[in-house]
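The values are calculated or read from the model by the stated rules, or taken from the named source; none is laboratory data. No experiment lies behind these values; they were computed from the predicted model shown. Note: ideal-geometry Cβ built from the backbone for every residue, glycine included; neighbour counts use all protein chains shown. In case anyone asks, the SASA skips ligands and DNA or RNA and just uses the protein heavy atoms, side chains included. Shrake-Rupley method; radii C 1.70, N 1.55, O 1.52, S 1.80 Å.
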Amino acid sequence: KMNAADGGPTAVTVAFQGERGAYSEAATFELLGKTSVQPVNFPSFDEAFQAASSGKTDLLMVPIENSLGGTIHANCDLQLQHSLFIIGEHDFRVRHCLLALPGTKKEDLKKVISHPQGLAQCDSYIKALGIEKEPAYDTAGSAKMIAEGNLKGVAAICSEVAAEHYGLEVLDRGIEDDSNNYTRFLLLRGSPVRIPPGVKSKTSIVFSLDNSTGALFKGLSVFALRDIDLGKIESRPCKPDVMNKLERLFWAMGGNMLAAHRHFHIKDPPKKRQRTDGGPDPVTYPYLFYVDFLAPADEPNAANALRHLQEFTTFFRVLGSYPRGGTLLGLELLGDKIPATAPMTQALKKAKKKVGIIGFGTFGQFLAGKMVNDYEVFAASREDYSQTCAAMGVRWCATLQLLLQQRLDVLLISVSILSFEAMVRRVATTLTELNLLDHRTLVVDVCSVKVHAKTCMLALLPPCCDILCTHPMFGPQSGQHGWSGLPFVFERVRCVDAPSCEEFLAWWTEQGCRMVDMTCELHDECAAGSQFVTHFTGRVLSKLQLRTTPINTKGFESLLQLVENTCKDSFDLFYALYKFNPNSGNQLKSIEEA
């Protein structure tokens with residue numbers, strides 16, 4: 001990372017392609033300002049993407065389309081191949097300038113050099129000057145050539161920022177033939193941003209379809225049916241090796257967790273699209289479709305549309321949800337490196353509360369996938385989940401000590417019921433050892449049996465810990481399409497800091513959960529007659545080794561589904577539902593009697 005020139009906070013590093021003074025650098029300054037911003041140039045777009053993906057720079061600024069030249073397809077391809085998310089956009093008005101060595105007059109000019117596109121966009125102006133034009137590798141690079149070679153009588157067509165870098169004089173400004181010359185730039189980074197309600201936003205996605213009649217019509221209809229406005233649609237041939245790269249990227253970015261949150265999905269490679277004109281040889285034409293729609297991806301209506309779309313797609317990925325019109329969100333994650341002049345939404349400058357999750361298995365990751373949008377999430381677990389955390393935007397803590405040293409607002413214990421008591425003891429001991437008994441933390445369990453969890457926490461946790469017993473009665477499978485209407489059971493056990501407890505409960509309400517305020521004792525009584533009986537029945541039926549038949553009834557299909565769902569859960573969970581809930585023993589007696 002690079003330090004700001006004034007010795008202040010570390011600068012936000014922004015990768016871009018081209019020489020210093022390129023239009024990408026000018027666009028970066030226009031969007032982020034010059035305070036605490038350090039553009040870092042790279043010779044190629046590929047190297048710029050690599051730098052941002054590897055963390056060498058904080059952000060990446062790339063052009064994606066020009067109002068005169070169209071889409072920059074190379075950057076579309078690179079977006080697919082890197083684990084980066086769009087967090088902002090900027091429409092940059094391209095104003096070409098004529099630069100030359102200091103003291104040069106227009107009448108002294110014999111030649112003008114620039115990138116071929118720059119020359120083409122100023123063709124009429126150059127003809128009026130009556131001078132020779134010569135293509136160069138880059139707009140800003142042409143200014144660099146003049147400065148380093150002390151080329152007299154030669155002018156460059158480039159940005160005004162290039163004049164500052166290379167000590168050249170601006171002879172004329174706004175020399176482009178067409179004033180409607182805009183380039184749309186995208187700002188990317190390694191983690192997405194969450195769009196709060198009321199912010200006008202856009203989501204960019206890419207997907208592929210099977211070659212079947214009406215496939216594209218069906219895919220686009222999911223937006224029309226829900227009155228979601230599309231801002232752009234474009235098709236692009238998919239290179240033969242791209243799908244293999246995307247599959248590797250899918251697993252590198254978290255695989256199934258991304259799929260569960262409907263942000264990245266790979267089914268089968270697109271089928272071969274054959275020629276229909278009677279040609280002798282079949283030709284493969286797999287296509288990718290790029291679509292922008294005007295809504296955030298996690299807005300319920302849009303989320304339903306994306307779920308519907310993935311019923312038809314062979315490949316799907318959300319490239320990013322971001323504010324429209326150059327507004328920036330989420331840069332508070334850069335800490336003291338936030339550009340002071342960046343047009344951020346003021347509401348998001350408030351520090352996020354810290355949530356720690358102990359136990360980062362399937363369920364812990366499932367919860368973190370939602371919480372990371374609104375909280376600063378930390379995680380610790382027996383196994384090393386550092387890479388998974390990095391892909392999700394969660395901060396990994398290698399030990400329980402490191403996790404508790406974060407002075408968390410909420411500590412969520414997501415371990416198995418069998419190991420719950422031992423973990424609570426460890427938490428209590430570690431808080432004492434770290435001398436953190438002056439910091440109030442809301443400790444939350446998500447166990448499937450409640451009286452055991454309640455008793456353990458009341459007996460073992462120090463008075464500085466508030467206690468909230470909860471049971472989200474859903475998981476990655478039942479909650480993959482959203483949490484709306486799914487039951488969330490809770491009991492406020494010890495809440496000295498009542499506002500913090502209510503704020504945390506309000507978050508679950510905002511996710512659409514059906515909030516059930518119920519004592520732990522009543523929960524276990526109800527669970528024994530529902531959850532335990534369900535698991536018991538499914539596991540008994542599994543011993544019959546039931547198999548599907550050509551004459552399945554609806555009832556039999558339900559039994560097969562019951563076996564599959566219950567046996568997916570660990571046997572430890574099933575055993576704990578019995579061991580730590582006395583009501584389950586009563587149910588077994590009733591089953592035996594029946």
>> Quick check on residue 399: is it in contact (Cβ under 8 Å) with a residue 12 or more places away in the chain and either closer than 25 Å to residue 577 by Cα or open to solvent by 30 Å² or more (accessible area, probe 1.4 Å) (or both)?
In response: yes
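For (1) under 17 Å from residue 17 (Cβ atoms); (2) small (Gly, Ala, Ser), each residue gets a yes or a no:
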residue	(1), (2)
29	yes, no
42	yes, no
48	yes, yes
52	yes, yes
58	yes, no
64	yes, no
70	no, yes
88	no, yes
> In the range 161-276, which strands (runs of 3 or more DSSP E) lie fully inside it and hold 1 or more residues that are under 20 Å from residue 304 (Cβ atoms) and at pLDDT below 85?
Replying inline: 264-266
> Filtering the range 482-509 down to residues that are among the small types (Gly, Ala, Ser) and closer than 30 Å to residue 305 by Cβ, which residue is modelled with the highest pLDDT?
Replying inline: 506
> Can you name the number of the only condition in (1) crowded, with 16+ Cβ neighbours inside 10 Å; (2) out of contact with any Lys or Arg (no Cβ under 6 Å at 6 or more places or on another chain) that residue 435 fails?
Replying inline: (1)
>> Considering only residues that are at pLDDT below 95, of a type in the set (Gly, Ala, Ser) and either open to solvent by 60 Å² or more (accessible area, probe 1.4 Å) or assigned to a loop (DSSP other than H, G, I, E, B) (or both), which ones fall in the range 370-396?
In response: 390, 393
> Which of the residues spanning the range 292-302 are surrounded by fewer than 20 Cβ atoms within 10 Å (Cβ to Cβ) and modelled with pLDDT of 90 or more?
Replying inline: 292, 294
> Could we say that residue 418 is in contact (Cβ under 8 Å) with a residue 12 or more places away in the chain, open to solvent by 50 Å² or more (accessible area, probe 1.4 Å), closer than 21 Å to residue 364 by Cβ and part of a helix (DSSP H, G or I) here?
Replying inline: yes
> For residue 352, which of the numbered conditions (1) modelled with pLDDT under 95; (2) surrounded by fewer than 18 Cβ atoms within 10 Å (Cβ to Cβ); (3) farther than 24 Å from residue 59 by Cβ fails to hold?
Replying inline: (3)
> Is it the case that residue 48 is open to solvent by less than 10 Å² (accessible area, probe 1.4 Å), among the small types (Gly, Ala, Ser), closer than 17 Å to residue 188 by Cα and not in a strand (DSSP E or B)?
Replying inline: yes
> Residue check: is residue 74 assigned to a helix (DSSP H, G or I), at pLDDT below 95 and in contact with a Phe, Trp or Tyr (Cβ under 8 Å, 6 or more places away or on another chain)?
Replying inline: yes
>> Looking only at residues that are β-branched (Val, Ile, Thr) and without any contact (Cβ under 8 Å) to a residue 12 or more places away in the chain in the range 538-567, which one is nearest to residue 454 (Cα to Cα)?
In response: 540
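Yes/no per residue for (1) closer than 24 Å to residue 235 by Cα; (2) modelled with pLDDT of 90 or more; (3) part of a strand (DSSP E or B):
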residue: 8; (1), (2), (3): no, no, no
residue: 14; (1), (2), (3): no, yes, yes
residue: 21; (1), (2), (3): no, yes, no
residue: 26; (1), (2), (3): no, yes, no
residue: 62; (1), (2), (3): yes, yes, yes
residue: 68; (1), (2), (3): yes, no, no
>> Being closer than 30 Å to residue 192 by Cβ and either open to solvent by 40 Å² or more (accessible area, probe 1.4 Å) or of a type in the set (A, V, I, L, M, F, W, C) (or both) narrows it down to one residue among 130, 69; which is it?
In response: 69
>> Going residue by residue through the range 568-583, is there one that turns out to be surrounded by 15 or more Cβ atoms within 10 Å (Cβ to Cβ), closer than 14 Å to residue 449 by Cβ and in contact with a Gly (Cβ under 8 Å, 6 or more places away or on another chain)?
In response: yes
>> Name the residue that is most open to solvent (accessible area, probe 1.4 Å), counting only residues in the range 547-567 that are part of a helix (DSSP H, G or I) and of a type in the set (S, T, N, Q).
In response: 561
> crowded, with 21+ Cβ neighbours inside 10 Å, modelled with pLDDT of 90 or more and in contact with a strand residue (DSSP E or B) (Cβ under 9 Å, 6 or more places away or on another chain): does that describe residue 104?
Replying inline: no
>> Can you name every one of the helices (runs of 4 or more DSSP H) wholly within the range 448-546 that holds 2 or more residues which are open to solvent by less than 30 Å² (accessible area, probe 1.4 Å) and either under 25 Å from residue 422 (Cβ atoms) or of a type in the set (Asp, Glu) (or both)?
In response: 450-460, 520-527
>> Just to be sure I understand, how many residues within the range 83-101 are surrounded by fewer than 22 Cβ atoms within 10 Å (Cβ to Cβ) and part of a loop (DSSP other than H, G, I, E, B)?
In response: 3
>> Based on this model, can you work out whether residue 155 counts as part of a strand (DSSP E or B), among the aliphatic types (A, V, I, L, M), in contact with a strand residue (DSSP E or B) (Cβ under 8 Å, 6 or more places away or on another chain) and more than 30 Å from residue 301 (Cβ to Cβ)?
In response: yes
